[in-house]
1. What does the charge count around A279 come to, taking other residues whose C-beta lies under 10 Å from its C-beta (Lys +1, Arg +1, Asp -1, Glu -1)?
2. Given axes a ≥ b ≥ c from the Cα gyration tensor, I'd like to know whether segment 268-312 is rounded (a/c under 1.5), prolate (a/b larger than b/c) or oblate.
3. Can you give me the solvent accessible area of H198 with a 1.4 Å probe, rounded to the nearest 10 Å²?
4. Work out Dmax and Rg for segment 26-124 from the C-alpha atoms and quote the Rg first, both in angstrom.
5. Could you put F107, F89 in order of accessible surface area, largest first, with the 1.4 Å probe and the full protein assembly present?
6. Could you compute how much accessible surface Y56 exposes when probed at 1.4 Å, giving the result in Å² to the nearest 10?
7. By how many nm would the segment from T368 to R169 grow when fully extended, if each residue of separation counts as 0.36 nm and the alpha-carbon distance is taken off?
8. Solvent-accessible area of M203, probe 1.4 Å, all protein chains present, reported in Å² to the nearest ten, please.
Amino acid sequence: MWRGADRLRVAAGRWLRRTPVPVADGAVALLVLAAQLAPFVSDERPGGPQWSWLIYLPVLGVSLPVLWLRRAPFVVLMVTELAAATYSFFPDGPRQPVWYGPLVAMFAVAAYARRWQRITAIVVIACGASILTGSLDTAVRGTLLWTTAYALGRAWAARRAHVDALQERALHLQRERELEAERERSRIARDMHDILGHAVAVMIAQAEAGPVTIRQGPERTEAAFDAIASAGRDAMVQLRGILGVLDEGAQSRTRPPQASLAGVPELVERVSRSGGVAATVRESGTGGTLTAEAEVAAYRIVQEALTNVVKHARASTATVSLDWREGDLFLTVTDDGQGDTGGTGGRGLAGITQRASGCGGSAQAGPTPHGRGYTVSARLPGRETEMTQ
């Protein structure tokens, strides 16, 4: 027997720990209990100085369940209303002007309960009021009290829903900012990879060709050093523009121009002038317009493809084709080197694919059909094509 009691006590303790009583509900329960006990202090008992302890049971029945107000509002309303109804069995008790426990429970039902519970509560309260109401004045006062409690509960629910919506929106905006920051970091990393990779590749190619250019005469040597300096200056200008985005005071400064399709001919000429690879540009079709993102993507794709030509292809020529078809730009970089040497299979090719897909296009790369050389091709949608999608 004692073991069963101990088990029941342990189980009850666990349940109470899992479902702690909120401080606010406890405070409301104490206020309700004080309000319901007030008539016992203010009114004198007609038959003697003490009240029967049984008469306090309905008072406790409408007060203590308020402790579980927000966890089970519908049950609390039913229990407190039933306890208030049993008070009619004590006609000699002090008059209770208002049963605060059921009113608070009605507020909680309107604020926290489900729709079917709210409808059931309204029906039960309406039926009970029509049966137990003794006068028109009591009916009007009761209707006003119940309606006010329910209306306040619904207003509280609407306010809570509005606050939740604002919090959800704030979380959504925070996630959007985090994603945008991640995209910006990824973009900066790709840009720095392309810029440094291209500049270093040109410098290394010129440095390795140094002994040959010295034997060819001062003019060739001077041209090699000019190519190295030009590649370094261009890289510094572009890096300064990228790092300026991270500078808090960069908004008030004049930033270098962003890479664009218009800079591709100069890029190709610089690669060709650096020696080792004779690069040319061919344009065809009716020129269209690209978005700012596609403009940057076009420049970086050509830059990365030419970098791989210089570093890995061992090619003598490279051709950059810019073909406009139906408003889209079809970009191709082809060399006559040794095909796939593994240079474009790493981060460079992945960056080309990401740049093209980032602006709604596509890219692919592979050896040329005749077995010698390598081709990088991309399709970048024009501004008009993007607007019609």
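1. Net charge in that neighbourhood comes out at 0.
2. Values: a/c = 3.00, a/b = 1.66, b/c = 1.80.
In terms of gyration-tensor shape, oblate.
3. Only protein atoms counted, so the area is about 10 Å².
4. 14.2, 48
5. Ranked from most to least accessible, the order is F89, F107.
6. So the heavy atoms of Y56 present about 70 Å² to solvent.
7. Working: separation 199, 0.36 × 199 = 71.64 nm, distance 5.10 nm.
That works out to 66.5 nm of additional length.
8. M203 has an accessible surface of roughly 60 Å² with all protein chains in place.
The values are calculated or read from the model by the stated rules, or taken from the named source; none is laboratory data. Note that the coordinates shown come from a computational prediction; the quantities given were computed from them, not determined experimentally. Glycine also receives a Cβ, built like all others from the backbone with ideal geometry; neighbour counts cover every protein chain displayed. Areas reflect the complete protein model, heavy atoms only, side chains present, ligands, DNA and RNA absent. Shrake-Rupley method; radii C 1.70, N 1.55, O 1.52, S 1.80 Å.
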